[in-house]
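Notes follow once the structure below has been shown.
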Amino acid sequence: MSEKTTQQTQTAQPDADPSPTTTTGETVEQTRDEWTDYEFRGETKIAVEDLDVHYGDDHALKGVSMEIPEKSVTALIGPSGCGKSTYLRSLNRMNDRVSSARIDGSVRLDGREIYQDGVNLVELRKRVGMVFQSPNPFPKTIRENIAYGPKKHGDLETGLLARLLNRSDADERDELVERCLRDAALWDEVSDRLDDNALGLSGGQQQRLCIARCLSVDPEVILMDEPASALDPIATAKIEDLIDDLAEEYTVVIVTHNMQQAARISDQTAVFLTGGELVEYGDTDQVFENPHSERVEDYITGKFG
Ligand SMILES: Nc1ncnc2c1ncn2[C@@H]1O[C@H](COP(=O)(O)OP(=O)(O)O)[C@@H](O)[C@H]1O
Ligand SMILES: [Mg+2]
């Protein structure tokens, strides 16, 4: 009798089967109910729902749901291997390039599903640009690094109005180059050597050049994967200031392994833990000062990770 009864009881009362508990005895489900109740200022720019990513048999991200508000900085933190880069790459379908990757779930940009047939990936990656851990300028001049993308996309052809005003393609290009370099807080350092090879810049300058290059195709979202981790503290501080400025106009999502950095620069913080699970997401001050999840508290206070 016992076996059958147990099964029936479980079916009738799912609550009778306790979820895993945290060290304080609070169930993971209770914790989840608390933190998933977030509300942010600003419209939702990206809505992720039940996102799962597998690499072959490796389940790298498990059922991640989170809403990213526009014109703000969202930080992704967590120990190495917990799926932060995988998550970031899912937001502009860069994982499509990994042959073993399988992506399930939904990612909507301004309410439109990016994982559906017919989505133009070049267009998507213009709207959702990316900056990587190590600066990767093209081995070309500073000017060419910025002008490359718009030229490729045909955005630099002088329009009728400009031609009537006697402006050449070169004028248009130079204006764009200056605007992007100013927006990336690099103009003052390079304005007198735009035709020098970009590889001659310092690491921090190269990274700001990569940000300027990302801006040149007029993105709406900028994804950054540990953009300052290869830089010295002064270069890092410049990137952090820049991110703060960028968030006035762009939606910035940044992976960092540096918790102080996340606390300094972000409006929202998402904590991923080993196994590819989003364990808590919310207002940065709340997540750092008063996390709902015991596991997040342990991680933030350095008990593990
Ligand atoms: N291109 C890939 N091919 C196969 N496995 C990958 C690939 N990228 C990441 N993984 C695996 O997915 C998991 C999450 O990795 P990743 O997203 O890079 O984590 P993080 O950025 O948090 O360090 C790890 O187990 C990693 O080995
Ligand atoms: Mg990573």
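Ranked by the mean number of other Cβ atoms within 10 Å of their residues, highest first, the peptides 88-99, 111-122 fall in the order 88-99, 111-122. Listed by chain and number, the lysines whose alpha-carbon sits under 25 Å from that of LYS238, ignoring those within fewer than 8 places in the same chain, are LYS71, LYS84, LYS126, LYS140.
Highest mean first, the peptides 37-44, 123-130, 80-87, 53-60 sorted by other C-beta atoms within 10 Å per residue fall in the order 80-87, 123-130, 53-60, 37-44. When both bridge partners sit in the chain, DSSP labels roughly 60% of those beta bridges antiparallel.
The C-alpha atoms of the chain define a longest principal axis, and helix 142-152 lies at about 70 degrees to it. Can you give the net charge of the other residues whose Cβ lies under 9 Å from the Cβ of ILE103, counting K and R as +1 and D and E as -1? Result for the neighbourhood of ILE103: -1.
With the helix formula -39500 (n - 2.57) applied to DSSP H stretches of n ≥ 4, the chain reaches a computed 222 nm mean residue ellipticity of -10500 deg cm²/dmol.
Residues whose amide H lies under 5 Å from that of VAL279, counting only those 5 or more places away or on a different chain, are VAL271, PHE272, LEU273; hydrogens are built 1.01 Å from N in the peptide plane.
Rounded to the nearest 20 debye, the dipole size of the chain about its Cα centre is 1160 debye, using +1 on the Cβ of Lys and Arg and -1 on the Cβ of Asp and Glu.
The overall shape of the range 101-255, judged from the alpha-carbon gyration tensor, is oblate: a/c is not under 1.5, and a/b is no greater than b/c. Note on the range 230-274 and the range 34-105: Cα centroid distance 17 Å, given to the nearest whole angstrom. Mind pulling the angle between the C-alpha long axis of helix 169-183 and the longest principal axis of the chain? Nearest 10 degrees, somewhere in 0 to 90. Once rounded, one gets 50 degrees.
Taking the Cβ of HIS54 as the center, what net charge do the other residues with Cβ under 13 Å away carry, scoring Lys and Arg +1 and Asp and Glu -1?
So the environment of HIS54 carries a net charge of -2.
In Å, what Kirkwood hydrodynamic radius results for the chain from the alpha-carbon pair distances?
Across the chain, the inverse of the average 1/r is 21.2 Å.
Hey, how many Å between the Cα centroid of the range 133-150 and the Cα centroid of the range 278-295? With the range 133-150 and the range 278-295 each reduced to a Cα centre, they are spaced 38 Å. Seen against the Cα atoms of the chain and their longest principal axis, helix 233-246 is set at about 90 degrees.
At a threshold of 8 angstrom on Cα-Cα distance, excluding pairs fewer than six apart, so keeping six or more, what relative contact order does the range 35-186 reach in percent?
19
Values in this text are rule-based calculations from the coordinates and carry no lab data. Given the structure is predicted, the values throughout are model-derived calculations rather than measurements. Quick reminder, even Gly has a Cβ in these numbers, built from the backbone with ideal geometry, and neighbours come from all protein chains shown.
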